[in-house]
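Student: The structure follows.
Nothing in this text is a laboratory measurement; each read-out follows from the coordinates by a stated rule. Note that the structure is a prediction, hence the values are computed from the model and not measured. Don't worry about glycine lacking a Cβ; one is built from the backbone with ideal geometry, like all the others, and counts go over all protein chains shown.
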Amino acid sequence: MRALMHGVKGSSKMKRSLTLSLAVFFVACQATLSFSQSLSFTKTMDDPDKAINTMISVAPVEAYIPSGKYGGLSVGIGASGVYGYTSRIGFEGALGTSYINTTGGTFTYAEGGAFLNLRIKEKTKNTRVLLGYSRKLDVRTTTTTTTYMEVPAKVKIATGFRGGLQYSNIPVKTDGIKVAAASSTLNLAGIYAGIQTTNKHLIKTLMRGETEPTPTGALFKLYADALLYGVSEIAEPALDAKLESGNVGWRAGLTWVVAPYTKKEHPNYKAFLHRLNISSEIGSRPIDGFYIKMGAGWAVFQK
């Protein structure tokens, strides 16, 4: 009899446990369904060709850091522009000058050229759509929470050749150890030629409960160039005779346009944030040797 009662109690516990598990599973499913419904959206646009193809940008802070012992750190202002004449042909240029240089001189540069996209393809990949952002400041810590979802988007990738003319005026200063102490400038004038690839995407999503769709996009450009200088000379003849300048160099870089769209595409457009673009470059050139160049710019014109 006791064994029978024990079996009945065990059976009751199993039923309660099974009922509780089913209840938890049901609540979880309901919560998941509710969360999914709250995040439902409509993709109102998916067209990378709507992204900008023309931009003029000003970089209030650019840094140039050479590794050569005769060059110096430069911090300055720069400007750049790109004009997409067609989806395959475009023109670009850049110039800048330093307001600080550790040698005491002034670093300046200017270049202009064109690009030709030989291959254009399109593929689909997931892109992150920002849902929410919050930041909590405590006495000792800062907690940042970002909520997003991944949405498939068309990405256009264009690859081709680029080339143009380039000029640089670089301060040079010797320390008097191996070469007599002196200050001068290195003049470099020549051509650049290489390859580049750009990829861009732009979508608009309308979330449940919202009245205006929000754009999400980005534009990246990667490039690599050979640098050939027909003119490579130091202005001071005595230094030019003692320092081997050379006539070749190379560079590779990245440009990131954070939000490649205009106010027309975004109802809550914030000019300061949405015009940001970031660039970085590494390379090697006569006298300066290996260098790093980087900057942050804001577009003054986009189309």
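Student: Determine the alpha carbon to alpha carbon distance for each of Lys154/Lys263; Lys121/Lys293; Lys156/Lys263; Lys43/Lys136; Lys156/Lys303; Lys263/Lys293 and list only those over 27 Å.
Tutor: Working: Lys154/Lys263 21 Å; Lys121/Lys293 30 Å; Lys156/Lys263 22 Å; Lys43/Lys136 31 Å; Lys156/Lys303 17 Å; Lys263/Lys293 30 Å.
Pairs exceeding the cut-off: Lys121/Lys293; Lys43/Lys136; Lys263/Lys293.
Student: Let me ask something else about it. Please say if the stretch 65-197 is rounded, prolate or oblate, where rounded means a/c under 1.5 for a ≥ b ≥ c the square roots of the C-alpha gyration tensor eigenvalues, and otherwise the choice is prolate for a/b larger than b/c and oblate otherwise?
Tutor: Numbers: a/c = 3.31, a/b = 1.36, b/c = 2.43.
Judged from the Cα gyration tensor, the stretch 65-197 comes out oblate (a/c at least 1.5, b/c at or above a/b).
Student: Stretch Leu228-Asn247 to full length: gain in nm at 0.36 nm per residue minus the Cα-Cα span? Mind showing how you got there, number by number?
Tutor: Details: separation 19, 0.36 × 19 = 6.84 nm, distance 0.60 nm.
Separation in residues times 0.36 nm, less the Cα-Cα distance, equals 6.2 nm.
Student: Which residues in the stretch 242-258 place their backbone N less than 20 Å from a point set 7 Å from the Cα of Ser67 along the Cα-to-Cβ direction?
Tutor: Residues 244-254 fall inside that zone.
Student: In terms of Cα to Cα distance under 20 Å, which lysines are near enough to Lys242, apart from those fewer than 8 places away along the same chain?
Tutor: Cross-link targets: Lys69, Lys173, Lys178.
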